[in-house]
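The values are calculated or read from the model by the stated rules, or taken from the named source; none is laboratory data. If you're wondering where the values come from, they're calculated on a predicted model, not measured in any experiment. Heads up, the Cβs are rebuilt from the backbone with ideal geometry, glycines too, and the neighbour counts pull from every protein chain shown.
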Amino acid sequence: MVNLIINNQKVQVEEGTTILEAAKSVGIEIPTLCYLKEINEIGACRVCVVEVEGSDKLVTACNNKVQEGMVVYTHSGKVRKVRKTNVKLILSQHDFRCATCIRSGNCSLQKISTELNIGEMPYDIETEKADIDRKYPIFRDASKCIKCMRCVQVCDKIQDMHVWDIANTGARTTISVRDGIKLRDSACTLCGQCVANCPVGALRERDDVGRALEAVEDKDIITVIQIAPAIRTAWGEDLGLSKEEATINKLADALKKIGFDYIFDTSFSADLTIMEEGSEFLDRLPEIKESKLPMFTSCCPGWVRYIKTQYPEMVSRLSSAKSPQQMFGAIAKTYYAKLLNVDPSKIFCVSIMPCTAKKHESDLPNINAVENGKDVDVVLTTRELGRLLRKYHIKGDRLKDVELDQPLGMHTGAGVIFGATGGVMEAALRSAYYLVTKENPEADAFKNVRGRDGWKEAEFEIAGTKLNVAVVSGLGNTRKLMDAIKRGDAVYDFVEVMSCPGGCVNGGGQPIHDGEDFVDARTEVLYGLDKVNNLRFSHENPAVLECYNSYLEKPLSHTSHHLLHTDHEGWNMPR
Amino acid sequence: MSRLSIVTKDKAQITIEALYKDLERRIVASPPGLCPVDLTSAFIKMCLAQTCGKCVPCRVGLKQLSKLLDDVLDGNATLETIDLIELTAESIYASADCAIGYEAAAMVLTGLKGYREDFEEHILHNRCISNAKQSIPCVALCPAGVDIPGYIALVKEKRYADAVRLIRKDNPMPVVCALICEHPCENRCKRGMVDYPVNIRGLKKVAVDNAGEVPIPACAESTGKTVAVVGGGPGGLSAAYYLSLMGHKVTVYEQRKKLGGMLRYGIPNYRLPRERLDADINAILSAGVEVHTEVSVGKDISMVELREKYDAVYIAIGAHTDKKIGLPSEDEAKGIISAVEMLRGIGDDEMPDYSGKNVVVIGGGNVAMDVARSSVRLGAETVTIVYRRTKGDMTALPEEIEGAIAEGCEVAELMAPVGIVMDKDKNVTHLTVQPQMISSIRDGRPSVRKADVPEKQIPCDLIVVAIGQGIESKSFEDFGIPVKRGAIDALNSNEIKDVKGIFAGGDCVTGPATVIRAIAAGKVAAANIDEYLGFHHEITCDVKIPDVSYDNSGKFGRINIPEREASDRKKDFEPFELGMSCEESCQEAGRCLRCDHFGYASFRGGRTEKW
C-alpha cells in the first residue's frame, strides 16, 4: 500500500494506482477530458493536471502513479489557473457554437468549460477547416475535433482496425483516416465505437430523423416502426427515466404520439432469424464437422463488413440469414402489406437501432425483398430517437404503457436477448435443441454463453451431438478468434460475433455517457425481460408460427430463401 | 557628449545570447522523425527575424516564402506553389544583399532538392511522407533498440542485475557496449534541451560494473533445428545467443584462436579488458552455443558443406583485411604495417616492443587512435597521427582523439602522405607528406587541396596504416553469394536475395561499422532465421521498470566517466576508464527525462516489450 496526502487528506491506496484513481477513492474529483480508462491514458489535454510537492511542473493525474509520501493538490491556485488556460487553448481550436451542435448538453468540453467558469476567451478562435461527408453513416467535423486521440485508440486497441490515424505534423497534427483516404473508401466497419467515445461533437452519425418525419407527415404513407431489442435498455437514459420506467411500451406511446402508425419489435424478426439461422445451422452441421470451420452469425452488419475486408476467404462461413432488421423489413413489405391489403410502396419502414452500421446495411444493393424501394427505409440510432423525442417535447413522466401492435410486435425472451453478447447464440441453441429433439430444453440451459468476456466458449450436447460454440464481441477479440480458427488452434461449430464490446447494448448508436459504463446495467434489463417473458423460445412465437403457416411455409423454404436470406458476396466493400 | 564610448551589452542582449545557446542545444536535441517541411518553415521564420529590413528580397521575399511554406503545411497549396517557392528562393538567393537573405533562401532550395516529395505529399495528401513518428530518441537511435530509459531507471534504483537483464533482451553484450559503444543513443537525448545529454554509456557501465554475474534466461524448448554462424564476432555471437534462446542448436565457426572478432583483434585491452569481453562471451555461450575455433570457412570447411549440414547459415565474417594506402614502395618497405595486423597480434597477447621508436599512424578514425595509443603503451618514443584533413574532421570520437593527445600523441593535421623514405636496407626512415590547405565545402565538410608549399618529411621507424578495412568475401562469392563492391549483398532483413536459408549481416555487409550495429544485425538475423525455420519465438524480459519520479526539476551538469591520469595510464594496457560513484550515477540517472513515459511515448512509440 502507498500512503500519500491529497488536499491535506491522508490517502492509502494500492501500489500502481494513478493519482486520479487515488483521489477518486476519497471522493475528490479531478476533471479529465482526453482520458479514457485503460484505452487513452496519454495526458494530451492537460486538464487533469495536479500539483505535486517537489515538482515545479504540474503532473497529469490520469497516467501518473502515486508514490509513497507524495503530497498532491488537485485544485490549488496554480492548478486552477493552468487548467483553465489549457481548456481555453482547446477552445481556441474548437467550433464552440454549441447551440448548433448535436452534443450540446452532453459534451465533455462544454461541461469542463462550464465547471471552470471559462468566462472570457482571450484567444482568437481558429478551427481546422472541415470537409464533411454528411451523407455517410458516420462523419467527422474537423472543426470540433480536440485531438484527444480517443477515436484512434478505440479503433486501435478495442477494435484493432486502425482506421483512424494521426495526420499532418507538429502544431498541425490532426486526425484523419489512415493513409489520408475518405472514410467511405476505407475498411471502416461503421461500428461507431469512435463516435460513442468522442467527447465532443467531432464524430457523429448521419441524422435521418427528418426523412422519418416526412413519412409521418405524408397522409398516404403507413409508417411502421421496428424497435431493436437493445433500445429498451437505453432509450430512457436521455429522458431521465430509470431502467424500470423506460419500458418499450412507454416508447410505443411516445412514438404513437409523434404519429407513427404501427409500433413493432425487431425481437419478432429476431425470433424469425433463429428459425432460419438455427435450421440453416443444423443443415450445415455435417459439413461444419467435416471442414472443422464454423458457421458464423450474420446479424451484426459491422461484423459482416469486417469479415469481408479482413477475412474474405471466410465470408462463405457466414449464415446466409439476413439480420433481424432486414428480415423485419422484408416481412413488413410483403406478408404484412398483404395483411393490410396495401401496396408495399405505401409502407414506410423505420427501424430504431443501437447501431450506426445498420444505416449502411439497409442501403445494401442486394438486401431488398421488394422490387421497388427499400425494405427498411430509414434507420435511426438510439441517439436520433432521443433527439426525435426531444423535438416533440415528450416528457418521460407523461408516458403510459401502450401495447405494441400485432402481429409484428409479438416476441419471445429469446428474441429480446439478441441485444447482449451471447444472446443470439443462446436463443439459437434453445431452438436448435428443440428442432433436433422436438423437446424444449431448460430455458436457461445455455446460459454459459452469457457474460461480458470478450471471447467465450462453451460445449453442449444435443441428442448425442457435441457442439462447440464461441461468442466474441469487440473486433479486437474477433481478430484473435479468427486467427486462431485460421491456424487451426480453435475449432468451433457455431460462432456468434458482435462488433461492439458487450454486444448491441453497447452499440455505436446508443446514448453516450462519457466515462460511465452502462453495459452491465443494460444487459441486465435484457436478461430480466427474458426471464419474465412467458415465451422464451423463438419457435414458440405464435406470430412467427402463423407467418410460416400462412405465408413462408417453413424455415428455409423457397419463399423464406427469397425473403429472408441474402448473398453476402453480392456487394463489395471499398478497395 | 563623449566622442566614443565602450560598447556594453544590455540585459536583453545578454539574455538573448543565452537563449541562442538554448536554441543550439535544442536543435542538437531535435527528436528523430520530424517533418522536414515543417522545420523548413520554422527555420525561415527565424531567418525572417534576422533580416535587417533593407533589401527587398530578404525583407519581403523571406516573408513570402514563409507564407508559401505555411500554405503547403496548411493544405492551401497546389503543386504550382512549389514552383513559386523555388522561383522566389532562387531570386532571393541571387539578389539578396547579404548572407542573411541568400543563405536563408539556400536552405529552402536545399530542402526542395532533398525532400521535394515531402512537399508534394503535404500538398496532395496533407500529411508527411516520412509519417513522422516521435519515438523515444535514445531507443530510436540505438541500432539494437535497447530499452535505455528502462535500464537507466533501474540503475537509479541500484537494480544493476535487472538492468543487465533488460539490456540483454536486445543486446547480449552489455559489458562490451558499456565500455566501447559509440553511444549514438546520446546524440539526440531530449535532456539536451534542458542542459546536456544523459551519460548513457556511463550509466550502463555502472550497471555492468556492479551487477556481478547475471545468469541468462532459460532457452526455449529445443526445436531440433540447427544453425551455423560463420564468424565469432559480436554480430555472430549475438545471433547465436538469440537463436539458442529460441531453442535452435547453434554452432559458431571462428577462424582465429579465440572468439570476439574485432572486439578482441581490433580493440586494445586498455579500452576493452579481455576478462570483461570474456564475461559477455561466456554468458552468450552459456545458452548452449557450440564453438569451433581456428576453422576457416572456405578453407577448412566449405560453404556447401555448411549449407547441407545446417538448416540455416548466418554469415557474420566482419571486415578484417587491411587496406593499402598506395604509396610507392609500400610493399617492399620494412617497418610499414597495417592497423589490423598490429592489433591482431596484440589480440593474441603477442606484444611487440616499440621502445625508442618513432611511430607514425596514418588515419583519423577510432582504429587510428587505438593504434596510436597502443604504440604509446608499447614504449614508442614519439607517436604522430598524420591526417589529410583537420582534427575536427576526424571520424574518431572526440574523446578518443583527446585521449590520444593527452597521452602524448601528436596530431599532424592537413598532411597527405605521398611517399616513403627508406634506408639502404629498405627500413623506413621518413614519411613524406604534402601539406594541405582547407578548401571549399564539399558534401557538407571542408575539402582539402594541396597547399603551395614544399613536401615535408616526418622521421619515423614504423608506419601504421589505419585507413579502413576490407572484407574477405571471395569464398562466399564462389559459393554463389552476391558481392557488391567487395561487400556481401544482403537485404535489410539480412536475407540474401534468391539464396534461401543463408543470411548475412554486420561489417561484411555494411563495411566496417560499430559493435552495436553488428549486434543489431545479429538480432535481426536471429528473428528472421527463426521465422525462416518456421517459428515465431518471442524474446522478452520480465523485469518491471520503475515508475517515473516527479523530482527532476532543475538543471544539472553531465557527469562524465572519470579516467586515470594520462601520465599514469599510458604506461600499461590496463583499463583507462574508472567508474562513476553510486552518488554520481544516481544523480546522472535522475536526469533522464523518461521519454518512455512522458511525451509521445504514452500514446504511440512507447516501449517495445518483445521482439
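Based on this model, can you work out whether B:Thr110 counts as polar (S, T, N, Q), free of Cβ contacts under 8 Å to residues at least 24 places away in the same chain, in a helix (DSSP H, G or I) and away from every other protein chain (no Cβ under 14 Å)? Step through it out loud before you land on a result.
Working: polar (S, T, N, Q): yes; free of Cβ contacts under 8 Å to residues at least 24 places away in the same chain: yes; in a helix (DSSP H, G or I): yes; away from every other protein chain (no Cβ under 14 Å): yes.
Yes.
Which residue, of A:Asn541, A:Asn534, A:Asn549, A:Asn572, is surrounded by 17 or more Cβ atoms within 10 Å (Cβ to Cβ) and not β-branched (Val, Ile, Thr)? Quick ask: steps written out before the conclusion?
On the way: A:Asn534 fails: surrounded by 17 or more Cβ atoms within 10 Å (Cβ to Cβ); A:Asn549 fails: surrounded by 17 or more Cβ atoms within 10 Å (Cβ to Cβ); A:Asn572 fails: surrounded by 17 or more Cβ atoms within 10 Å (Cβ to Cβ).
After applying the criteria, what remains is A:Asn541.
Might you check whether a residue that is part of a loop (DSSP other than H, G, I, E, B), within 12 Å of chain B (Cβ to nearest Cβ) and surrounded by 15 or more Cβ atoms within 10 Å (Cβ to Cβ) occurs anywhere in region A:67-87? Walk me through how you get there before you give the answer.
From region A:67-87, those part of a loop (DSSP other than H, G, I, E, B) are A:67-70, A:74-76; that's our starting set.
If we keep only those that are within 12 Å of chain B (Cβ to nearest Cβ) too, we end up with A:67-70.
Now narrow it down to the ones that are surrounded by 15 or more Cβ atoms within 10 Å (Cβ to Cβ): A:67, A:70.
The answer is yes; a qualifying residue exists.
Restricting to region B:322-374, and then to whatever is under 20 Å from B:Thr514 (Cβ atoms) and either outside the structural domain of B:Thr429 (by TED's automatic domain parsing) or among the charged types (D, E, K, R) (or both), can you tell me which residue is nearest to the chain's Cα centre (by Cα)?
B:Asp370
Kindly evaluate A:Cys34 against the criterion of being of a type outside the set (Lys, Arg), within 31 Å of the chain's Cα centre (by Cα) and within 11 Å of another protein chain (Cβ to nearest Cβ).
Working: of a type outside the set (Lys, Arg): yes; within 31 Å of the chain's Cα centre (by Cα): yes; within 11 Å of another protein chain (Cβ to nearest Cβ): yes.
So A:Cys34 fits the description; yes.
Just to be sure before I move on: is A:Glu120 of a type in the set (Asp, Glu) and touching a residue at least 12 places away in the same chain (Cβ under 8 Å) in the structure I sent?
Details: of a type in the set (Asp, Glu): yes; touching a residue at least 12 places away in the same chain (Cβ under 8 Å): no.
Against the criterion (of a type in the set (Asp, Glu) and touching a residue at least 12 places away in the same chain (Cβ under 8 Å)), A:Glu120 does not qualify.
Which residues, counting only those in region B:323-341, are under 18 Å from B:Cys460 (Cα atoms) and in contact with an Asp or Glu (Cβ under 9 Å, 6 or more places away or on another chain)?
B:Lys334, B:Gly335, B:Ile336, B:Ile337, B:Ser338, B:Ala339
Only one of these is assigned to a helix (DSSP H, G or I), within 14 Å of chain B (Cβ to nearest Cβ) and of a type in the set (Val, Ile, Thr): A:Val216, A:Val152. Name it.
On the way: A:Val216 fails: within 14 Å of chain B (Cβ to nearest Cβ).
Among A:Val216, A:Val152, only A:Val152 is assigned to a helix (DSSP H, G or I), within 14 Å of chain B (Cβ to nearest Cβ) and of a type in the set (Val, Ile, Thr).
Among the listed residues A:Ile138, A:Ile222, A:Ile125, which satisfies the condition of being away from chain B (no Cβ under 14 Å), over 25 Å from the mean Cα position of the chain (by Cα), of a type in the set (Val, Ile, Thr) and within 30 Å of A:Lys256 (Cα to Cα)?
Values: A:Ile138 fails: over 25 Å from the mean Cα position of the chain (by Cα); A:Ile125 fails: within 30 Å of A:Lys256 (Cα to Cα).
None of the others qualify; the one that does is A:Ile222.
B:Pro197 is checked against (1) over 27 Å from B:Phe576 (Cβ atoms); (2) in a loop (DSSP other than H, G, I, E, B) and fails just one. What number does that condition carry?
(1)
Just the residues that are within 14 Å of another protein chain (Cβ to nearest Cβ) and touching a Cys at 6+ places or on another chain (Cβ under 8 Å), please, taken from region B:113-155. Lay out the reasoning, then the answer.
Let us first name the residues in region B:113-155 that are within 14 Å of another protein chain (Cβ to nearest Cβ), namely B:115, B:118-135, B:153.
Residues satisfying the conditions are B:Asp118, B:Glu121, B:His122, B:Cys128, B:Ser130, B:Ala132, B:Ala153.
I'm trying to understand the selection: among the residues of region A:486-504, which are modelled with pLDDT under 95 and assigned to a helix (DSSP H, G or I)?
Result: A:Lys486, A:Arg487.
Would you point out the residue of region A:155-170, among those that are in contact (Cβ under 8 Å) with a residue 12 or more places away in the chain and assigned to a loop (DSSP other than H, G, I, E, B), that is nearest to the other protein chains (Cβ to nearest Cβ)?
First, pick out the residues of region A:155-170 that are in contact (Cβ under 8 Å) with a residue 12 or more places away in the chain: A:155, A:157-167.
From the residues that got through so far, the ones that are assigned to a loop (DSSP other than H, G, I, E, B) too are A:159-163.
Values: A:Gln159: 16, A:Asp160: 15, A:Met161: 16, A:His162: 11, A:Val163: 15 Å.
Checked region A:155-170; the qualifying residue nearest to the other protein chains (Cβ to nearest Cβ) is A:His162.
Can you name every residue in region A:96-112 that is outside any loop (DSSP other than H, G, I, E, B) and buried (at least 20 other Cβ atoms within 10 Å of the Cβ)? Let's see the steps before the verdict.
As a first pass, look at region A:96-112 and keep what is outside any loop (DSSP other than H, G, I, E, B): A:98-100, A:108-112.
Within region A:96-112, A:Ser108, A:Leu109, A:Gln110, A:Ile112 qualify.
Restricting attention to region B:551-572, and to residues there that are of a type in the set (Asp, Glu) and without any contact (Cβ under 8 Å) to a residue 24 or more places away in the chain, which single residue is nearest to the other protein chains (Cβ to nearest Cβ)?
B:Glu565
Considering region A:275-302 alone, what residues qualify as being within 24 Å of the chain's Cα centre (by Cα) and surrounded by fewer than 17 Cβ atoms within 10 Å (Cβ to Cβ)?
Hits for region A:275-302: nothing passes.
Is it true that some residue in region A:470-488 is in contact with a helix residue (DSSP H, G or I) (Cβ under 6 Å, 6 or more places away or on another chain) and under 15 Å from A:Lys289 (Cβ atoms)?
No; the residues of region A:470-488 include none that is in contact with a helix residue (DSSP H, G or I) (Cβ under 6 Å, 6 or more places away or on another chain) and under 15 Å from A:Lys289 (Cβ atoms).
Being farther than 17 Å from B:Glu275 by Cα and touching a Leu at 6+ places or on another chain (Cβ under 7 Å) is the filter here; which residues of region B:183-218 pass it?
B:Pro184, B:Cys185, B:Asn187, B:Arg188, B:Lys190, B:Arg191, B:Pro217
I'd like to know if region B:519-528 contains one or more residues that are in the same structural domain as B:Gly232 (by TED's automatic domain parsing), in contact with a Gly (Cβ under 9 Å, 6 or more places away or on another chain), of a type outside the set (Val, Ile, Thr) and modelled with pLDDT under 90.
Here is the first cut: in region B:519-528, the ones in the same structural domain as B:Gly232 (by TED's automatic domain parsing) are B:519-528.
Then keep just the ones that are in contact with a Gly (Cβ under 9 Å, 6 or more places away or on another chain); that gives B:519-525.
With the extra rule that they be of a type outside the set (Val, Ile, Thr), the set shrinks to B:520-523, B:525.
Still in the running and modelled with pLDDT under 90: none.
Among the residues of region B:519-528, not one is in the same structural domain as B:Gly232 (by TED's automatic domain parsing), in contact with a Gly (Cβ under 9 Å, 6 or more places away or on another chain), of a type outside the set (Val, Ile, Thr) and modelled with pLDDT under 90, which makes the answer no.
For the subset of region A:42-52 comprising residues that are part of a loop (DSSP other than H, G, I, E, B) and closer than 21 Å to B:Val194 by Cβ, which member is nearest to the other protein chains (Cβ to nearest Cβ)? Before you say what the answer is, go through the steps one by one.
We begin by selecting, within region A:42-52, every residue part of a loop (DSSP other than H, G, I, E, B); these are A:42-48.
Now narrow it down to the ones that are closer than 21 Å to B:Val194 by Cβ: A:43, A:46.
Values: A:Gly43: 6, A:Arg46: 12 Å.
This residue is A:Gly43.
Test B:Leu48 against the criterion of being more than 14 Å from chain A (Cβ to nearest Cβ), touching a residue at least 12 places away in the same chain (Cβ under 8 Å) and more than 26 Å from B:Glu186 (Cβ to Cβ), and give yes or no.
On the way: more than 14 Å from chain A (Cβ to nearest Cβ): yes; touching a residue at least 12 places away in the same chain (Cβ under 8 Å): yes; more than 26 Å from B:Glu186 (Cβ to Cβ): yes.
Yes, satisfied.
Can you tell me which residue is farthest from the other protein chains (Cβ to nearest Cβ) among those in region B:26-39 that are outside any loop (DSSP other than H, G, I, E, B) and either aromatic (Phe, Trp, Tyr) or within 20 Å of the chain's Cα centre (by Cα) (or both)?
Initial filter on region B:26-39 (outside any loop (DSSP other than H, G, I, E, B)): B:26-28, B:36-39.
Subsequent filtering for residues that are either aromatic (Phe, Trp, Tyr) or within 20 Å of the chain's Cα centre (by Cα) (or both) retains B:27-28.
Numbers: B:Ile27: 15, B:Val28: 19 Å.
Result: B:Val28.
Restricting the search to region B:104-113, which residues are over 16 Å from B:Ala42 (Cβ atoms) and not hydrophobic (A, V, I, L, M, F, W, C)?
Of everything in region B:104-113, just one residue is over 16 Å from B:Ala42 (Cβ atoms) and not hydrophobic (A, V, I, L, M, F, W, C), namely B:Lys113.
When region A:43-71 is examined, which residues are found to be under 13 Å from A:Leu20 (Cα atoms) and among the hydrophobic types (A, V, I, L, M, F, W, C)?
Within region A:43-71, A:Val47, A:Cys48, A:Val49, A:Val50, A:Val52, A:Val59, A:Ala61, A:Cys62, A:Val66 meet the criteria.
Sort out which residues of region A:171-185 are in contact with a helix residue (DSSP H, G or I) (Cβ under 8 Å, 6 or more places away or on another chain) and either more than 9 Å from chain B (Cβ to nearest Cβ) or modelled with pLDDT of 90 or more (or both), and write them in order of number.
Within region A:171-185, A:Thr174, A:Ile175, A:Val177 meet the criteria.
Tally time: how many residues in region B:574-606 are away from chain A (no Cβ under 14 Å), surrounded by fewer than 19 Cβ atoms within 10 Å (Cβ to Cβ) and assigned to a loop (DSSP other than H, G, I, E, B)?
So the answer is 5.
At pLDDT below 95, away from chain A (no Cβ under 14 Å) and surrounded by fewer than 17 Cβ atoms within 10 Å (Cβ to Cβ): is that true of B:Lys11 in this structure?
yes
Can you confirm whether A:Leu190 is assigned to a loop (DSSP other than H, G, I, E, B) and within 26 Å of A:Phe328 (Cα to Cα)?
Details: assigned to a loop (DSSP other than H, G, I, E, B): yes; within 26 Å of A:Phe328 (Cα to Cα): yes.
Here the answer is yes, as A:Leu190 does meet what is asked.
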